[in-house]
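Peer 1: The structure that follows is given in the form of structure tokens.
Just so it is clear, none of the values below were taken in a lab; they were calculated from the coordinates. All of these numbers come straight from a predicted model, not from anything done at the bench. Note: ideal-geometry Cβ built from the backbone for every residue, glycine included; neighbour counts use all protein chains shown.
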Amino acid sequence: MRAYLSVELSGFPIARHEGKFFCEPKYKISNTGQTLAHAVERLVDLRIYPWPLPADFVVLSPTTSPLPSKTTINPGQTVAGTARKMLTLDAAALEKNKERIYVVGVLRFVDAFRQRATSDSAARSKTL
């Protein structure tokens with residue numbers, strides 16, 4: 001018995017403003033386990049990577065600070081979240097589909113046995 005957290009990207013709006021891109025991916029975190037996940041912290045970053053990713057490409061885990069809220073997620077519960085970042089991009093490379101914007105994230109939480117758990121790093125991409 002433990003908490004099992006999964007993340008689903010539920011939206012990825014991108015707005016252009018004066019040569020920069022404002023990205024605000026929306027996601028849902030679900031606890032499909034049988035116990036609470038306490039002190040859930042989300043590390044989220046947005047990055048520019050080549051498309052398609054080379055077979056030997058390594059996606060590094062986010063190094064950003066966890067978002068300030070620490071949430072408890074009950075078994076069967078889903079909570080929504082949002083990340084925000086302004087990016088300066090090579091719009092031509094993105095429009096030619098040679099690069100994509102990737103959302104990279106990791107979850108950290110404390111399980112019912114007071115053990116710290118960390119999710120695997122996950123990445124999803126978006127074209128313009």
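Peer 1: Here are several values of Kirkwood radius over Cα pairs in Å: (i) 27.3; (ii) 16.3; (iii) 15.6. Which one was derived from the coordinates shown?
Peer 2: Here the calculated entry is (iii).
Peer 1: Is any residue of the stretch 2-19 close enough, with backbone N under 19 Å, to a label point placed 7 angstrom from the Cα of residue 47 along the Cα-Cβ axis, and if so, which?
Peer 2: 7-9
Peer 1: Next up: In a Gaussian network model over the chain where Cα atoms closer than 10 Å are linked, find which of 39, 83, 55 has the largest mean-square fluctuation.
Peer 2: 55
Peer 1: Between residue 4 and residue 114, what is the FRET efficiency for a Förster distance of 22 Å, r being their Cβ-Cβ separation, to the nearest 0.05?
Peer 2: 0.85
Peer 1: Oh, and also: Mind checking which lysines have their Cα closer than 19 Å to the Cα of residue 98? Skip sequence neighbours fewer than 8 apart in that chain.
Peer 2: Output for residue 98: 20, 126.
Peer 1: For every helix of n ≥ 4 consecutive DSSP H residues, a contribution of -39,500 (n - 2.57) applies; sum these over the chain, divide by its total residues, and give [θ] at 222 nm rounded to the nearest 500 deg cm²/dmol.
Peer 2: The per-residue figure over the chain is -500 deg cm²/dmol.
Peer 1: Around residue 41, what is the net charge, scoring Lys/Arg as +1 and Asp/Glu as -1 over all other residues with Cβ under 11 Å from its Cβ?
Peer 2: Net local charge, residue 41 excluded: +4.
Peer 1: Continuing with the same structure: Between residue 61 and residue 39, what is the label-point separation in nm under the 7 Å Cα-to-beta-carbon projection?
Peer 2: In this crude label model, residue 39 to residue 61 measures out at 1.6 nm.
Peer 1: In percent, how large is the relative contact order of the stretch 5-126, given Cα pairs closer than 8 Å and 6 or more residues apart?
Peer 2: 33 percent
Peer 1: Next question. Within the set of other residues whose C-beta is less than 9 Å from the C-beta of residue 13, count the net charge using Lys and Arg as +1 and Asp and Glu as -1.
Peer 2: Its environment carries a net charge of 0.
Peer 1: Also, I was wondering about something else. What lysines does residue 70 reach when the alpha-carbon gap must be under 18 Å and sequence neighbours fewer than 8 apart in one chain are set aside?
Peer 2: 26, 28
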